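Structure first, then comments.
The values are calculated or read from the model by the stated rules, or taken from the named source; none is laboratory data. Please read these numbers as outputs of a predicted model, since none were measured by experiment. Cβ sites come from the backbone with ideal geometry, for glycine too, and all protein chains shown count toward neighbours.
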Amino acid sequence: MFAAENGLKGDPRLEAISRAIRVVPHFPKPGIMFQDITTLLLDHKAFKDTVEIFVDRYRDMDISVVAGVEARGFMFGPSIALAIGAKFVPLRKPRKLPGEVFSEEYVLEYGTDCLQMHVGAVQAGERAIVIDDLVATGGTLSAAIKLLERAGAEVVECGCVIGLPEVKGQRRLDGKPLYILVEPRDIDDCC
Amino acid sequence: MATGDASDPRIAGIAKSIRVIPDFPKPGILFQDITTLLLHTKAFRDTIDLFVERYQGKGISVVAGVEARGFIFGPPIALAIGAKFVPMRKPNKLPGPVIAEEYSLEYGTDKMEMHEGAVEAGEKVLVIDDLIATGGTLGAAIRLLGRVGAHVVECACVIELPELKGRDRLGDTPLFVLVSSA
C-alpha cells in the first residue's frame, strides 16, 4: 500500500522525496527507466524524512529485526534499525557472508539469482521487516521473506521507498503487507 | 593515525561483538565479521555515536561510503551530522555519468566509481568503510574525491589490520579506527 493512502495523503515530505529521485533512462538496458535513489541521499532533509516516515510507522510495532537487501537496502535499513532499537540483518548475494548461511534462490527475467542470510542472525519468533529501495516484480522481497521465515521469524511488513506499477493496487506480497512511499517518475517529470 | 580511546567502555563492547571467521574467503585469512556487531543494538549504536561525536560540527558536508559494508555505517553518520551520503561503488552499478579510479588487488586490479556531480570542489569529506586492510580501496576513494577537488578530512573504519600497513597507502589523509586487530 502506498503511504499516501495510509495516513500520509498530501504529506509534503512525500512530494520532496519523489522529486529528489532521479530517473536515468535506458539503464541497465534500453527501455528501463531506472529510479536512482542516490540523488535522494544527497538531499539531507529528504533522506532524513524518508527514514523518519519508516521509523514513525515501525517504532511501536515491536520489531526486533530490520533486514536490508544488498546493496541499496543497506542505505536505508540500518538507520531505521538504530532508531527503533532493532538488529540490522544484511541479506546478501552469494559468497559475501562469511559464516554459515541460509540460501534462497529466486527467478530473474533471464536465469536465477540467490540471496543469503547468516544462520543465527534471527531467532524464532522475532518480528521482522524487510527494507529495500525499490520493489518491481517482488522476486527479491519474496526470497527475503522466505529466508526470514526459515529462521522462524514473523515478517510483519516489507517497506520500500519506490513501488513499480507491477505492485500498484496490491496491498500484499506473498501474503505480507507492502508499504511504499512513492511511485516511479517519468523522465518528463524531472527537473 | 588515531585509534578510539581504549579506555572508553564502549570500545570494549564493540570489539567483543565482532566475530572472527577463520579461512574466509580463503585459507589463512582471519575474517573480521561486523554482521554480529549489527545484531547488538547497543554496540551498533555506540559505533555510530563514536563517529558522530568525532565528526559533528566540523563542516563535513559529505560522507562517502565504500560498497558494500560502508553503506551500513555511512548513512547513519551522514544523517546525524547533516551531510550528504555518497556511495562509492563497484563498476557498472551507478546509473548515469560516473568517474572511475583503478586500484590494485593482490592479483590484478579493480575499479571504484562515483557519480559525477555528487561531490563539489571544496567540499569536506569523510570516507567510511567497515575495515582497512591494505588500504587499496580507501586509497582509490581518496584519489577519486581529490579528482573532483574535494578535501578528504579523514578516513574512518571500525577495524584496522595494522600488520597490512594500510595507513601508508592513504598519503596525507589521516585514519581513525575504533578497534585495531593485530
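Quick check on B:ALA78: is it at the interface with another protein chain (Cβ under 8 Å from one of its Cβ atoms), aliphatic (A, V, I, L, M), in a loop (DSSP other than H, G, I, E, B) and under 16 Å from the mean Cα position of the chain (by Cα)? Can you show your working first?
Values: at the interface with another protein chain (Cβ under 8 Å from one of its Cβ atoms): yes; aliphatic (A, V, I, L, M): yes; in a loop (DSSP other than H, G, I, E, B): no; under 16 Å from the mean Cα position of the chain (by Cα): yes.
Criteria not met by B:ALA78.
Given A:ASP43, A:ASP62, which one is under 22 Å from B:ASP46 (Cα atoms) and out of contact with any Gly (no Cβ under 7 Å at 6 or more places or on another chain)? Before the answer, list the steps.
On the way: A:ASP43 fails: under 22 Å from B:ASP46 (Cα atoms).
So the residue among A:ASP43, A:ASP62 that is under 22 Å from B:ASP46 (Cα atoms) and out of contact with any Gly (no Cβ under 7 Å at 6 or more places or on another chain) is A:ASP62.
Is there a residue being of a type in the set (Asp, Glu) and within 24 Å of B:PHE44 (Cα to Cα) anywhere in the range B:139-157? Step through it out loud before you land on a result.
So in the range B:139-157, the residues of a type in the set (Asp, Glu) come out as B:154.
Now narrow it down to the ones that are within 24 Å of B:PHE44 (Cα to Cα): B:154.
Looking through the range B:139-157, at least one residue is of a type in the set (Asp, Glu) and within 24 Å of B:PHE44 (Cα to Cα).
So which of A:ARG19, A:ARG13 ends up being more than 10 Å from chain B (Cβ to nearest Cβ), part of a helix (DSSP H, G or I) and closer than 14 Å to A:ARG185 by Cα?
Working: A:ARG13 fails: closer than 14 Å to A:ARG185 by Cα.
Residue meeting the stated conditions: A:ARG19.
Scan the range A:22-35 and give yes if some residue there is closer than 27 Å to A:MET117 by Cβ and surrounded by 20 or more Cβ atoms within 10 Å (Cβ to Cβ), otherwise no. Before the answer, list the steps.
Within the range A:22-35, the subset closer than 27 Å to A:MET117 by Cβ is A:28, A:34-35.
After this cut, where a residue has to be surrounded by 20 or more Cβ atoms within 10 Å (Cβ to Cβ) as well, the list is A:35.
Yes; the residues of the range A:22-35 include at least one that is closer than 27 Å to A:MET117 by Cβ and surrounded by 20 or more Cβ atoms within 10 Å (Cβ to Cβ).
For the range A:122-179, how many residues are in contact with a Phe, Trp or Tyr (Cβ under 6 Å, 6 or more places away or on another chain), modelled with pLDDT of 95 or more and within 22 Å of A:ASP36 (Cα to Cα)?
Qualifying residue count, the range A:122-179: 2.
Taking only pairs six or more apart or across chains, which ones have beta-carbon atoms under 8 Å, a first residue in the range B:89-117 that is over 15 Å from B:LEU138 (Cβ atoms) and within 11 Å of chain A (Cβ to nearest Cβ), and a second residue that is surrounded by 14 or more Cβ atoms within 10 Å (Cβ to Cβ) and polar (S, T, N, Q)?
B:LEU94/A:THR38; B:HIS115/A:THR38
So, of the residues in the range A:110-126 that are in a loop (DSSP other than H, G, I, E, B) and touching a Ser or Thr at 6+ places or on another chain (Cβ under 8 Å), which turns out to be nearest to A:LYS96 (Cα to Cα)?
To start, the set of residues in the range A:110-126 that are in a loop (DSSP other than H, G, I, E, B) comprises A:110-111, A:119-126.
After this cut, where a residue has to be touching a Ser or Thr at 6+ places or on another chain (Cβ under 8 Å) as well, the list is A:121, A:126.
Numbers: A:ALA121: 15, A:GLU126: 24 Å.
The selected residue is A:ALA121.
Read through the list (1) out of contact with any strand residue (DSSP E or B) (no Cβ under 6 Å at 6 or more places or on another chain); (2) within 25 Å of A:MET33 (Cα to Cα); (3) at the interface with chain B (Cβ under 10 Å from one of its Cβ atoms); (4) touching a residue at least 24 places away in the same chain (Cβ under 8 Å), then give the number of the only condition that A:GLY77 fails.
Failed condition: (1).
Test of understanding: among B:PHE51, B:PHE24, which residue is among the aromatic types (Phe, Trp, Tyr), at the interface with chain A (Cβ under 9 Å from one of its Cβ atoms) and on the phi < 0 side of the Ramachandran plot? Even if it seems obvious, please write down each step before you answer.
Values: B:PHE51 fails: at the interface with chain A (Cβ under 9 Å from one of its Cβ atoms).
After applying the criteria, what remains is B:PHE24.
Go through the range B:123-143 and count every residue that is on the phi > 0 side of the Ramachandran plot and part of a helix (DSSP H, G or I). Break it down into steps so the answer makes sense when it comes.
Step one: of the range B:123-143, the residues on the phi > 0 side of the Ramachandran plot are B:135.
Retained after the next criterion (residues that are part of a helix (DSSP H, G or I)): none.
Residues that pass the stated criteria total 0.
Only residues that are part of a helix (DSSP H, G or I) and either in contact with an Asp or Glu (Cβ under 7 Å, 6 or more places away or on another chain) or not hydrophobic (A, V, I, L, M, F, W, C) (or both): list them for the range B:144-157, please.
Taking the range B:144-157 as the starting set, the residues that turn out to be part of a helix (DSSP H, G or I) are B:144-147.
Selection gives B:LEU144, B:GLY146, B:ARG147.
Name the single residue that is modelled with the highest pLDDT among those in the range A:96-113 being more than 14 Å from chain B (Cβ to nearest Cβ) and surrounded by fewer than 11 Cβ atoms within 10 Å (Cβ to Cβ). Steps first, please.
Start the filter on the range A:96-113 by keeping residues that are more than 14 Å from chain B (Cβ to nearest Cβ), which leaves A:103-113.
Then drop every residue that is not surrounded by fewer than 11 Cβ atoms within 10 Å (Cβ to Cβ), which leaves A:108-112.
Working: A:LEU108: 81, A:GLU109: 75, A:TYR110: 79, A:GLY111: 87, A:THR112: 92.
In this case the residue turns out to be A:THR112.
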